[in-house]
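Accompanying notes for the structure given below.
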Amino acid sequence: MDFELTDEQVMLRDTVRDLLGRAYDPETRLKVTDTDLGWSRDVWRQLAELGVLGLPFDEEDGGAGAGPVETMVVMEEIGRRNAPEPYLDAVLVPGGLVARVGTAEQRQRVLPALAGGETLLAFAHQEPGARWPATGSATTAVLDGDSYRITGVKNPVPHGDCADQLVVSAALPGGGTGLFLIAADAEGVTRTPFRTFDERRGAQIEFASAAAELLGAGGDAQPVVDSVEVAAQASLCAESLGAMEEALRLTAEYLKTRKQFGVTLSKFQTLTQRSANMYVSLELARSMSLYATAAVADGSADRVAASRARLQVGRSARHIGQESIQMHGGIGITTEYPVSHYVARLTAIARTLGGDLEHLRVLSDRVGDYTLVEF
């Protein structure tokens, strides 16, 4: 199998890297993440103009018809620059659900505006007190003539604070999980915004008999939710990989410039050995990220494959993050040093869509499928 990027994919990578590199030096990023919105609409507009927002959607839906590899290339560059733009939360996940479930009319109404940067989506799926993977929804949908009304609470809703439309999961009257489109400012919708420790935004959203439009033709949409979630797991792996690469680079540069006892830290053998171990962890994560991307590209929605990748990527991220802070010394945890923000983001990703314990549980439940298991 050829793991090299094509010329077009390299061009995409370099273009996104150049855009985010020009937009976000450490000081500018701190200023942007401290605003109420927490990300830059100007950068978002430029991503739309480059066609990045429309990458995962078919051409007839206003997109570019690109595959998962191109999406992962973008996510890795977002992780490398720790860019706060909600590409995963506002485009890939909710847009992916609309693309897979929505009728032709709904896709034409929603996706071109999303690809053009004119509207933002958010997926309201997680509920208070529920652990990943969700086994049902306490949010309910009831028929009201030819439409539905939704009642329940969703929290956290990543970037639900700034979304124009919400894709909401709710229990159908006849059983199963349905997906619904609801205007974020509709009557009966109450949003309570909050900030996360990795400088992202979210909201708790309460629905009090809010009018909703059924997404697609109806029926249980849980298999589609699971499939999109697997793609999201691969995206998180790619973002983590970009963040780990930059954290390692920053640490190596620090060791080359910081002096102690009259010599740079890079002269101490123990520190160089620890840096080499960080590189090993990075390459393990790279292999598993490629594995997850390849699985999605093959059309697989295998939660086991996603959990394998997330488990190793999470372990690598924890190792690289902890070592980065340690080798920067006490200054590594300060706001002024970029490495602290990368570690915060890696820590947040490790708690998104399941942590180590949850992914281990997914894998252990399938141990009986194998004749040999090694630990």
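For region 16-33, the tally of residues that are buried (at least 18 other Cβ atoms within 10 Å of the Cβ) and of a type in the set (S, T, N, Q) stands at 1. Consider residue 36 carefully, then state whether it is without any contact (Cβ under 8 Å) to a residue 40 or more places away in the chain, open to solvent by 50 Å² or more (accessible area, probe 1.4 Å) and outside any helix (DSSP H, G or I). Criteria met by residue 36. In a loop (DSSP other than H, G, I, E, B), modelled with pLDDT of 95 or more, among the charged types (D, E, K, R) and open to solvent by less than 40 Å² (accessible area, probe 1.4 Å): is that true of residue 118 in this structure? Taking the combined requirement at face value, the residue does not satisfy it. When you look at residue 320, is it in contact (Cβ under 8 Å) with a residue 24 or more places away in the chain, among the hydrophobic types (A, V, I, L, M, F, W, C) and surrounded by 13 or more Cβ atoms within 10 Å (Cβ to Cβ), yes or no? Answer is yes for this residue. Looking across region 33-68, the residues that are aliphatic (A, V, I, L, M) and at pLDDT 95 or above come down to 37, 43, 47, 48, 50, 52, 53, 55.
Condition first: of a type in the set (A, V, I, L, M) and either under 11 Å from residue 312 (Cβ atoms) or touching a strand residue (DSSP E or B) at 6+ places or on another chain (Cβ under 9 Å) (or both). Now tell me which residues in region 276-299 satisfy that. Within region 276-299, 284, 285, 288, 292 qualify. Looking at region 240-255 only, could you name the residues that are modelled with pLDDT of 95 or more, in contact with a Phe, Trp or Tyr (Cβ under 9 Å, 6 or more places away or on another chain) and either open to solvent by less than 10 Å² (accessible area, probe 1.4 Å) or among the polar types (S, T, N, Q) (or both)? 243, 244, 247 - these are the residues of region 240-255 that are modelled with pLDDT of 95 or more, in contact with a Phe, Trp or Tyr (Cβ under 9 Å, 6 or more places away or on another chain) and either open to solvent by less than 10 Å² (accessible area, probe 1.4 Å) or among the polar types (S, T, N, Q) (or both). Looking across region 258-269, just one residue is over 17 Å from residue 323 (Cβ atoms) and either touching a helix residue (DSSP H, G or I) at 6+ places or on another chain (Cβ under 7 Å) or modelled with pLDDT of 90 or more (or both), and that is 264. Out of 57, 123, one residue alone is more than 30 Å from residue 7 (Cα to Cα) and aromatic (Phe, Trp, Tyr). It is 123.
Condition check ((1) modelled with pLDDT under 95; (2) touching a Leu at 6+ places or on another chain (Cβ under 6 Å); (3) farther than 20 Å from residue 231 by Cβ) across all residues:
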{"residue": "31", "(1), (2), (3)": "no, no, yes"}
{"residue": "76", "(1), (2), (3)": "no, yes, no"}
{"residue": "85", "(1), (2), (3)": "no, no, no"}
{"residue": "105", "(1), (2), (3)": "no, no, yes"}
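The values are calculated or read from the model by the stated rules, or taken from the named source; none is laboratory data. Just so you know, these numbers come straight off a predicted model, no measurement behind them. With ideal geometry, Cβ positions are generated from the backbone for all residues, glycine too; neighbour counts draw on all protein chains shown. The accessibility values were calculated without ligands, DNA or RNA, using every heavy atom of the protein model including side chains. Shrake-Rupley method; radii C 1.70, N 1.55, O 1.52, S 1.80 Å.
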